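Everything on this sheet refers to the single structure shown next.
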Amino acid sequence: VATDVASNGSGRTFVSWSFRKAPGFFDVVTYTGDGNSTKTINHSLGSVPGMIIVKKTSGTGNWFTYHQSLGASGWMMLNDSGAQDTSNYGDWPWNNTTPTSTQFMVNNGVAGGISNDNYKININGETYVAYVFAHDEPVFGTNEDESIIKCGSYTGNGSTTGPVINLGFEPQWVMIRRTDVGDAWQIYDSMRGLENVLRAESTNAEVSNVNFKINLLANGFQPAANDNGHNASGETYIYMAIRRPHKP
């Protein structure tokens, strides 16, 4: 890292997450928009994506987020606390088309009905980057029958003993987002402690509070508080969870 305050400020603390580009886990691709209503983007994930994050790199723009639990007609913004949107204002960002093991689609429709280029992901001549995450692809482990990432959803119970989200593995990194109303993208990892939350849509420092805590379990994770951001009663949440390394 260089001397920039955002990555190496004197006396400041930082966290970094490194995602390996590998089939069944993660891929990163770039593309140039063509302004058409339909554009196909190839990826090398080798499985149907569970989550895709797209950002314009040639100018300002939102972080458009696809999640399999929202469906092909739904989207959220990683840099925004708004609820999910499924409105069709010309076209859906993902062309209302479910991604495949080799491709996903984007279009130049106006997301959210806002006539602003920040709400488009296929503007002619603009460049974009897409981070493509897998879901439950069992190609890892000694017998190549284990997955290391899952993207799913759960319903909160409003208790300090929240629902157990069974992943089939112990995670080391979890991102959670409520979908029905505006709220935070809550990011947890095993290095910083599970009462310390970073919010993707915010530039604020991490929040350290037992009211946001989750527990990591041998088979998944469990909200350990009744915060609206990750465990309101009867409300729906999406998540992405990444497995911890095997024990020796």
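The values are calculated or read from the model by the stated rules, or taken from the named source; none is laboratory data. Quick caveat, the model's predicted, so the values are computed rather than measured. In this analysis, Cβ positions are derived from the backbone assuming ideal geometry, glycine residues included, and neighbour counts consider all displayed protein chains. Heavy atoms of the whole protein, side chains included, go into the accessibility calculation; ligands, DNA and RNA do not. Shrake-Rupley method; radii C 1.70, N 1.55, O 1.52, S 1.80 Å.
Here is how the numbers come out for the structure above:
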read-out: Among residues of region 139-162, those that are farther than 14 Å from R178 by Cβ, surrounded by fewer than 16 Cβ atoms within 10 Å (Cβ to Cβ) and among the polar types (S, T, N, Q), counted; value: 5
read-out: The one condition in (1) farther than 16 Å from T155 by Cα; (2) open to solvent by 40 Å² or more (accessible area, probe 1.4 Å); (3) out of contact with any Ser or Thr (no Cβ under 7 Å at 6 or more places or on another chain) that E195 fails to fulfil; value: (3)
read-out: Residue match in region 173-185 (condition: of a type in the set (S, T, N, Q) and in a strand (DSSP E or B)); value: no
read-out: Among the residues listed as Y131, Y154, the single one being assigned to a strand (DSSP E or B) and over 20 Å from D27 (Cβ atoms); value: Y154
read-out: Subset of region 137-174 [of a type outside the set (G, A, S) and more than 30 Å from V210 (Cα to Cα)]; value: E137, P138, V139, F140, T142, N143, E144, D145, E146
read-out: Leading residue by the ranking (nearest to the chain's Cα centre (by Cα)) among those in region 198-214 that are surrounded by 14 or more Cβ atoms within 10 Å (Cβ to Cβ) and part of a strand (DSSP E or B); value: R199
read-out: Selection from region 38-57 of residues that are over 21 Å from E137 (Cβ atoms), at pLDDT 95 or above and among the hydroxyl-bearing types (S, T, Y); value: T40, T57
read-out: Failed condition for E144, given (1) touching an Asp or Glu at 6+ places or on another chain (Cβ under 6 Å); (2) closer than 30 Å to T40 by Cβ; (3) free of Cβ contacts under 8 Å to residues at least 60 places away in the same chain; value: (1)
read-out: Evaluation of N96 against (1) modelled with pLDDT under 90; (2) in contact with a strand residue (DSSP E or B) (Cβ under 8 Å, 6 or more places away or on another chain) (one fails), failing number; value: (2)
read-out: Which listed residue, of I187, I165, is of a type in the set (V, I, T), open to solvent by less than 40 Å² (accessible area, probe 1.4 Å) and in contact (Cβ under 8 Å) with a residue 60 or more places away in the chain; value: I165
read-out: Residue count for region 48-70, restricted to those that are under 20 Å from I149 (Cβ atoms) and out of contact with any Phe, Trp or Tyr (no Cβ under 9 Å at 6 or more places or on another chain); value: 4
read-out: Residue in region 114-124 that is buried (at least 21 other Cβ atoms within 10 Å of the Cβ), more than 19 Å from the chain's Cα centre (by Cα) and modelled with pLDDT under 95 present; value: yes
read-out: Filter result (touching a helix residue (DSSP H, G or I) at 6+ places or on another chain (Cβ under 8 Å) and either open to solvent by 20 Å² or more (accessible area, probe 1.4 Å) or of a type in the set (V, I, T) (or both)) within region 62-78; value: N62
read-out: In region 1-45, the residues that are more than 30 Å from N124 (Cβ to Cβ), open to solvent by 30 Å² or more (accessible area, probe 1.4 Å) and either outside any loop (DSSP other than H, G, I, E, B) or in contact with a Gly (Cβ under 6 Å, 6 or more places away or on another chain) (or both); value: V5, A6, S7, N8, P23
read-out: Failed item in (1) in a loop (DSSP other than H, G, I, E, B); (2) at pLDDT 95 or above, with G90 passing the rest; value: (2)
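Results for (1) in contact (Cβ under 8 Å) with a residue 60 or more places away in the chain; (2) of a type in the set (F, W, Y); (3) closer than 30 Å to R244 by Cβ, shown as yes or no for each residue.
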residue: Y31; (1), (2), (3): yes, yes, no
residue: T60; (1), (2), (3): no, no, no
residue: L70; (1), (2), (3): yes, no, yes
residue: N79; (1), (2), (3): yes, no, yes
